[in-house]
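First the structure, in the form of structure tokens, and then the observations on it.
The values are calculated or read from the model by the stated rules, or taken from the named source; none is laboratory data. No experiment lies behind these values; they were computed from the predicted model shown. Note: ideal-geometry Cβ built from the backbone for every residue, glycine included; neighbour counts use all protein chains shown. Note: accessible area is taken over every heavy atom of the protein model, side chains too, but ligands, DNA and RNA are not part of it. Shrake-Rupley method; radii C 1.70, N 1.55, O 1.52, S 1.80 Å.
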Amino acid sequence: MSLTARPFPETNGSHSDSVDSARPLGTDAVHVYNVLWGIPESMGGMTTAALRRIRSFQKFGRPRSQTILTFSPHMDVDETRARLMAQGKISDDVELVNIWPELRARTESGLATLKGEPLRAPLPFEDGEVENITAFYDVFRSPRTRAVIRRNYRRADGSLLLTDIEDPKLGRRFVLHSPDGLPMTEWRRPRDFYNAWISAIVTAEPAFVIVDDKQVSEFIHEISDRAFPLILFLHGSHLRHPWNGDHGQILARRLDTMRNLDRFDIVGVQTEQQGEAVRALGFPEANIRLLTGELPESAALSEAPRRRPLNSAVMIANLIALKRVDHPIRAVAELRDRGIDVSLTVLGEGSERGKLEKLIDDLDLGDRVELPGYVTDVSDRLQSASFSMLTSTSEGLPLSMMESMGAGSIPIVYDITYGPRDLIEHGRNGFITPWSDIGALADQIEDFLSLDADRVDDMRRETRKTVERYLPEAGYRRWKEVLEDVTVVNLPDDLGAEPVPTIEAKKLTCVATPQGCRIEIELDQIDPVIAGSLQLVVAGRKLSTFFISNSAQISTRRFGHRIVFTFDVDYAGFSESPDETFDVYLRRAHDLWTAKRRIQTPRRFRAVQAGNGEWYTTKHGNLSVRPRS
């Protein structure tokens, strides 16, 4: 099968052959759309960082408008806006929009701007047990299984706005209704409905869209016919076990995002360490930029740090498994057993409180460890603490650690992926201890307590200097510099539900190299423009791991009718999944992940062993690589 008969999808006509050559946008005289799923009353680091960035854009830039787009059906927009303004988290010139009240306010012509597909069939009658979630949102459950079988979203007058139903014949359906209650259009997946709304509401020009929320990033990249730049800001690790290295499994809630990473115009990472992990996937480096989170101006002390008991420790953390608050508690117990007195205050709340309180009782630490929950005097407590601890399994950029450093509290933390290595120079402005080693943490605390007062004062000054580059104006300048260079990537058209055929390799060779394997693939009659953008995708068959190899060399044979691609596959990509079988594909840069195509091997191809892998033909005639037996 030649690529002439079934070509890769054509480029969307709204863009040029490579990138849009429109003028740079920057952060002035543009409309800024910030996308979150919701804004809960108890905000985590991601939402806090997003709101801080929005305030900085308002304070230091001159955007034409700033809008926060949200999706949660549980969100009360008026209450949330009032709360955020009372807390000083947004100003009155920032617009807060939620999909549900926005759709309820639309006329029939306004609803018609949401692009869907024609109604496939009449809706089944309502069935099941009804549960009222909000005044505008009902859920229907199966009496037998208790599973949700239907969701009705209503207007204020009780008329039906949208039905989300598991149709027994057609599967999932999202059906939009006119103000008169008549079905207008439908979508087959939640993401198609959400993306239709985003496309219908992001109409101001010029504009760009910044996505902070991982739930939204899983679907927004599928918008192909966009004129606005799309920026992804990664707030946490994308790997299940980042402490093992850069080539492991992707988190399930990040999988679609990472597979389609080059469909974002900019991917912002918060640390150089995470930047290295993202680049290890093999995507081109051009769109990966360092865009850190921000601290409030008040986070860095302007005056000399106050004297404080050397043995007082603080930790800002939600009481959840990810933060491993039990580790500092156990370190305090170990130090007590050595005859060293240390006090610890953990500021935060969460589902692990009961377990942690029991641990404190079991270790008889009631006079040394305090869990006061959420408090309003965090700044004073940080300025009163001598050192802080952080023992999470992973982080993005730990704002809590940065806030403690700004208050002159010296960090003694695990070597967490990611954050500490970007912020701490061991022994100068803090200490990094081996990951998950409670004994080493206790040892470092003991060593710190033995330092003389002048050395400790010097370290406190250095911690404050460190966080200055994360204050709002410095953070704004980083964003401004990146956004002035952003252009819209060339996005191929969406293939929809059309089956993706295999690509027939006329010739295929695999040769071992010192770092892995060199793959040479000869294809027949392929468009040279398409050829220049093809990538080799090597993806785990069962595990959520993959990496990309870009062509090291392209040449022609047979009077230019065949093109030969040479890919160098680094076996480091297999290093954390030694027992996994990987399937091999070709993918056009910026294509949806689902558009990648298996490589059909020539009949004469024989299995090749290279390093620890064997490149072989599957029973379906496609190229894969499995562990060498």
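Laid out as a table, the results:
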quantity	calculated
Residues (outside any helix (DSSP H, G or I) and open to solvent by 50 Å² or more (accessible area, probe 1.4 Å)) located in region 444-466	S450, D452
Tabulated pairs, region 412-426, first on the phi > 0 side of the Ramachandran plot, second β-branched (V, I, T) and open to solvent by less than 10 Å² (accessible area, probe 1.4 Å), C-beta under 6 angstrom, 6+ apart or interchain	G419/T271
Candidate set from region 469-492 (those that are surrounded by fewer than 16 Cβ atoms within 10 Å (Cβ to Cβ) and not in a helix (DSSP H, G or I)); member that is modelled with the highest pLDDT	E484
Residue list for region 269-285, restricted to those being within 18 Å of V467 (Cβ to Cβ) and open to solvent by 40 Å² or more (accessible area, probe 1.4 Å)	E272
Subset tally (residues that are of a type outside the set (F, W, Y), in a loop (DSSP other than H, G, I, E, B) and in contact (Cβ under 8 Å) with a residue 40 or more places away in the chain) for region 572-620	16
Sole exception among (1) in contact with a Leu (Cβ under 6 Å, 6 or more places away or on another chain); (2) modelled with pLDDT under 90 for V97, by number	(2)
Residues being farther than 18 Å from A607 by Cα and within 31 Å of the chain's Cα centre (by Cα) - total across region 503-528	1
Filtered residues of region 543-589 (kept if surrounded by fewer than 16 Cβ atoms within 10 Å (Cβ to Cβ) and under 16 Å from N612 (Cα atoms))	A572, S575, P578, D579
Those residues of region 590-606 which are at pLDDT 95 or above and either open to solvent by 60 Å² or more (accessible area, probe 1.4 Å) or touching a Cys at 6+ places or on another chain (Cβ under 7 Å) (or both), in sequence order	Q600
Test: residue in region 403-412 that is within 29 Å of the chain's Cα centre (by Cα), within 30 Å of G248 (Cα to Cα), of a type outside the set (G, A, S) and in a strand (DSSP E or B)	yes
Selection status of D422, among the acidic types (D, E) and at pLDDT 95 or above	no
Candidates R606, R597, filtered to the one that is closer than 18 Å to T509 by Cβ and either touching a Lys or Arg at 6+ places or on another chain (Cβ under 6 Å) or not hydroxyl-bearing (S, T, Y) (or both)	R606
Region 609-629 - residue that is among the aliphatic types (A, V, I, L, M) and out of contact with any Asp or Glu (no Cβ under 7 Å at 6 or more places or on another chain) and, of those, surrounded by the fewest Cβ atoms within 10 Å (Cβ to Cβ)	A610
Residue ID - nearest to G44 (Cα to Cα), chosen from residues in region 62-90 that are open to solvent by 40 Å² or more (accessible area, probe 1.4 Å) and part of a loop (DSSP other than H, G, I, E, B)	K89
Any hit, region 525-532, residues being acidic (D, E), modelled with pLDDT under 90 and more than 20 Å from V278 (Cβ to Cβ)	yes
Subset of region 168-184 (residues that are touching a Ser or Thr at 6+ places or on another chain (Cβ under 6 Å) and over 12 Å from L114 (Cα atoms))	G181
Residue match in region 465-475 (condition: touching a His at 6+ places or on another chain (Cβ under 9 Å), closer than 22 Å to E272 by Cβ and of a type in the set (A, V, I, L, M, F, W, C))	no
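Listed here are the residues, each with its yes/no results for (1) in contact with an Asp or Glu (Cβ under 6 Å, 6 or more places away or on another chain); (2) of a type outside the set (S, T, Y); (3) farther than 27 Å from I133 by Cβ.
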| residue | (1), (2), (3) |
| --- | --- |
| V35 | no, yes, no |
| I54 | no, yes, yes |
| K59 | no, yes, yes |
| L69 | no, yes, no |
| M75 | no, yes, no |
| R81 | no, yes, no |
| S91 | no, no, yes |
| L96 | no, yes, no |
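Residue-wise test of (1) of a type in the set (S, T, Y); (2) modelled with pLDDT of 95 or more; (3) over 15 Å from the mean Cα position of the chain (by Cα).
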residue: N244; (1), (2), (3): no, no, yes
residue: D256; (1), (2), (3): no, yes, no
residue: V269; (1), (2), (3): no, no, no
residue: G275; (1), (2), (3): no, no, no
residue: V278; (1), (2), (3): no, no, no
residue: E285; (1), (2), (3): no, no, yes
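To keep it simple, each residue is scored yes or no on (1) farther than 20 Å from D524 by Cα; (2) in contact with an Asp or Glu (Cβ under 9 Å, 6 or more places away or on another chain); (3) of a type in the set (A, V, I, L, M).
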{"position": "A552", "(1), (2), (3)": "no, yes, yes"}
{"position": "T556", "(1), (2), (3)": "no, no, no"}
{"position": "V564", "(1), (2), (3)": "no, yes, yes"}
{"position": "D568", "(1), (2), (3)": "yes, no, no"}
{"position": "A572", "(1), (2), (3)": "yes, yes, yes"}
{"position": "E576", "(1), (2), (3)": "yes, yes, no"}
{"position": "E580", "(1), (2), (3)": "yes, no, no"}
{"position": "Y585", "(1), (2), (3)": "no, no, no"}
{"position": "H590", "(1), (2), (3)": "yes, yes, no"}
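Let's see how each residue does on (1) in contact (Cβ under 8 Å) with a residue 24 or more places away in the chain; (2) under 20 Å from V202 (Cα atoms); (3) of a type in the set (F, W, Y):
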position	(1), (2), (3)
R83	yes, no, no
L96	yes, yes, no
A121	yes, no, no
D127	no, no, no
E131	no, no, no
